[in-house]
1. With a Förster radius of 41 Å, plug the Cβ-Cβ distance of VAL180 and LYS67 into 1/(1 + (r/R0)^6) and report the FRET value to the nearest 0.05.
2. Throw me the Rg/Rh for segment 96-150, computed over C-alpha atoms with Kirkwood Rh, two decimals.
3. Mind checking Rg over Rh on segment 135-188, alpha carbons, Kirkwood formula for Rh?
4. Assuming R0 = 45 Å, what is the FRET efficiency of LEU189 and PHE52, from their Cβ-Cβ distance, to the nearest 0.05?
5. Neighbour counts of other C-beta atoms within 10 Å: give me VAL155, VAL263 arranged from fewest to most.
6. At GLU222 and LEU130, where each label point lies 7 Å from the Cα along Cα→Cβ, what is the point-to-point distance in nanometres?
7. What are the aspartates and glutamates whose alpha-carbon lies under 17 Å from the alpha-carbon of LYS223, with same-chain residues fewer than 8 places away excluded?
8. Once you have the Cα-Cα distance between VAL22 and ASP235, take 0.36 nm times their residue separation minus that, and quote the gain in nm to one decimal.
Amino acid sequence: MKQRAWSFNGFNVVNGFIMVVVVLFTLYPFIYLVAQSFSSEAAIYAGKVSVFPVEFTTKTYEVILSKPDFFRYYGNTILYSVLGTFIAVSATAVMSYPLSKAKLRLNKFFIPFVLFTMYFGGGLIPNYILVAKTLGMRDTIWAIVIPGAISAFNVILMKTFFANLPNELEEAGRVDGLGVFGIFMKITLPLSKPILATITLFVIVGMWNNWFGPSLFLQTKEKWPIALYLKQIIDNAVSPTEIGATSEQTSQIAASVKSTAMVLTSFPIICVYPFVQRYFVQGMMIGAVKG
């Protein structure tokens, strides 16, 4: 007789109710943004919008999506996110793998330096001088994807995951004639999909939402990511007229342009997350709990 995975008792009922309430509170802000983006200006100003759109309209989406600049910013964001994530995950893996080997003599010397960077940083002005002046990366893509490529937190997570992989697999690789690089590429990385997916999610979300770095280092507006453009909209630095709306359209979309921009910006990440969620949970558990 199979044992039921879930039993109907008081604890499960209360726990399920609490989880449903938490989910509703978590989803409501985004649902409200979606409803507001499809509502008329009059309904928004009158406070009639809550969960469902009022006086449904797609005018704001039509105006924003009709502008080539919006897709240029989107393209910049995709480029920064993909390239930055590839560099960050690759660099983190290459750094974490040797640190996971306790037999290497210098590990006890280097690991404290990694941990030190979690608590102390150089500060905003020294970092700006380093990136913009010393390295000459100002107004280039490299100023966005390289300075923050390696995170000490991600290194520790991946190091812990690597350390818990069976040593017998590496020994079998050596017997088959693989060197250190071959073992890393053909054995370690294929077995590390959970932690790689976890780090990838961390990095790509950070890169997608990054507006502060680009605001410091990117002087050319055509190189902006979508997050910085959204920041300008929120700060009222970009008006509906500036994004190409006519005077008649401006009166129709002024109240919903911010909500529409937020929805269009966050939608891709929401679509990606379900595909990596199972790896994310597994990677966090193995990378943070064991060892």
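Nothing in this text is a laboratory measurement; each read-out follows from the coordinates by a stated rule. Note that the structure is predicted; figures quoted are calculated from it, not measured. All Cβ positions, even for glycine, are placed from backbone atoms using ideal geometry, and neighbour counts span all protein chains on display.
1. 0.20
2. Expressed as Rg/Rh, it is 1.11.
3. 1.22
4. So, using R0 = 45 Å, E works out to roughly 0.45.
5. With the fewest neighbours first, VAL155, VAL263 line up as VAL263, VAL155.
6. Between GLU222 and LEU130, the simple spin-label model gives 3.1 nm.
7. In chain and number order, the partners are ASP69, ASP139.
8. Length gained, VAL22 through ASP235: 73.7 nm.
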